[in-house]
1. Tell me the residue from Glu113, Glu129, Glu142, Glu108 that is within 19 Å of Thr197 (Cβ to Cβ) and charged (D, E, K, R), please.
2. Scan the range 224-247 and give yes if some residue there is closer than 22 Å to Asn47 by Cα, not in a loop (DSSP other than H, G, I, E, B) and not β-branched (Val, Ile, Thr), otherwise no.
3. Please list, ordered by first then second residue, the pairs with beta carbon atoms under 6 Å, 6 or more apart or interchain, first in the range 140-158 and touching a residue at least 12 places away in the same chain (Cβ under 8 Å), second open to solvent by 100 Å² or more (accessible area, probe 1.4 Å) and charged (D, E, K, R).
4. From Gly196, Gly216, Gly220, which residue is open to solvent by less than 30 Å² (accessible area, probe 1.4 Å) and over 28 Å from Thr163 (Cβ atoms)?
5. What about Tyr91, is it aromatic (Phe, Trp, Tyr), out of contact with any Phe, Trp or Tyr (no Cβ under 7 Å at 6 or more places or on another chain), on the phi < 0 side of the Ramachandran plot and open to solvent by less than 30 Å² (accessible area, probe 1.4 Å)?
6. Give the range 202-213 a look and list any residue that's open to solvent by less than 30 Å² (accessible area, probe 1.4 Å) and either assigned to a loop (DSSP other than H, G, I, E, B) or of a type in the set (S, T, N, Q) (or both), or say none.
7. In the range 94-130, what count of residues is obtained for those that are open to solvent by less than 50 Å² (accessible area, probe 1.4 Å), of a type in the set (D, E, K, R) and more than 14 Å from the chain's Cα centre (by Cα)?
8. Could you list all residues from the range 257-271 that are assigned to a loop (DSSP other than H, G, I, E, B) and either open to solvent by 70 Å² or more (accessible area, probe 1.4 Å) or within 23 Å of Val217 (Cα to Cα) (or both)?
Amino acid sequence: GKRQPGSSFKPFVYTAAFEKGYTPSTVLYDVTVNFDAREGKDYTPKNYDGKDHGLVTMRKALQGSLNIPAVKTLYLVGSANMIDFAKRFGYTTLTGDYGLSLVLGGAEVNLLEHTNAYATLSNNGIYNEPVSLMKVTNNAGEVLYEWEEIEGKEAITPELAATITEVLTDDEARAFVFARNGNLTLPDRPVAAKTGTTNDNKDAWTMGYTPSLATGVWVGNTIPTPMKAGGNALAGTIWNKFMREALKGVPAENFPTPPENDATKPVLRGQ
């Protein structure tokens, strides 16, 4: 099934911006903007909390899931460029002209490809096609088919993957919206995670990964009809419980350290 990913698509837009030379410390204005003031048209997205937060870094904007800075970031990347960028991660459903709404989940994805895109971030930027059948045997135990690993393709550099991962693990940066130590954290290991919720809570997502396991959770009604809660409360609870159980007894793993911010322009250094 294809469903709108909401804010769970934002990390890839910011990753595309980082590839262009922007940084997690880049400063944006989170203030109400009409992005389409032509011939009486209007596209004025609002933040989830209905507030403007003024000067924010891309790190804080992503972790707080602020909509206005996300649309500005896609504007800097370019909508057409963003679709080409997403195809590197295996998305096959982005076939329309979504404009700036793409960053807020205006397109549709399916859960397997969306999770595999996050797995690509976890895998140091190396994309592998998702596989659902590992082995097929007959009633005599003879192997009719067995999956063999093939070399993946580089979607982004390891340094870029480390940069976006470091942002997505920053619980302090999202505390002003999500509070600390919530569903997007695990008690004994670093983990990168992002939620997504569509209009009227029709879709609730939580996507996240450790260095060895990527997990995506979608919750919703297939009709679709609204739910009473969004991504963090519904999908986030399932995601957190699954990750705790799946990683029980597995030693904690650390993500690679991202490169230092060596930008020279003050706006790219958070100044």
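The values are calculated or read from the model by the stated rules, or taken from the named source; none is laboratory data. As the structure is a prediction and not an experimental result, all values here were calculated from the model. In this analysis, Cβ positions are derived from the backbone assuming ideal geometry, glycine residues included, and neighbour counts consider all displayed protein chains. In case anyone asks, the SASA skips ligands and DNA or RNA and just uses the protein heavy atoms, side chains included. Shrake-Rupley method; radii C 1.70, N 1.55, O 1.52, S 1.80 Å.
1. Details: Glu113 fails: within 19 Å of Thr197 (Cβ to Cβ); Glu129 fails: within 19 Å of Thr197 (Cβ to Cβ); Glu142 fails: within 19 Å of Thr197 (Cβ to Cβ).
The match here is Glu108.
2. Yes.
3. Glu146/Lys135
4. Values: Gly196 fails: over 28 Å from Thr163 (Cβ atoms); Gly216 fails: over 28 Å from Thr163 (Cβ atoms).
Being open to solvent by less than 30 Å² (accessible area, probe 1.4 Å) and over 28 Å from Thr163 (Cβ atoms) holds for just one of Gly196, Gly216, Gly220, which is Gly220.
5. Values: aromatic (Phe, Trp, Tyr): yes; out of contact with any Phe, Trp or Tyr (no Cβ under 7 Å at 6 or more places or on another chain): yes; on the phi < 0 side of the Ramachandran plot: yes; open to solvent by less than 30 Å² (accessible area, probe 1.4 Å): yes.
Yes.
6. Initial filter on the range 202-213 (open to solvent by less than 30 Å² (accessible area, probe 1.4 Å)): 203-210.
The answer is Thr206, Thr210.
7. 0
8. If the condition is that a residue be assigned to a loop (DSSP other than H, G, I, E, B) and either open to solvent by 70 Å² or more (accessible area, probe 1.4 Å) or within 23 Å of Val217 (Cα to Cα) (or both), then Thr257, Pro259, Glu260, Asp262, Thr264, Lys265, Gln271 are the ones that fit.
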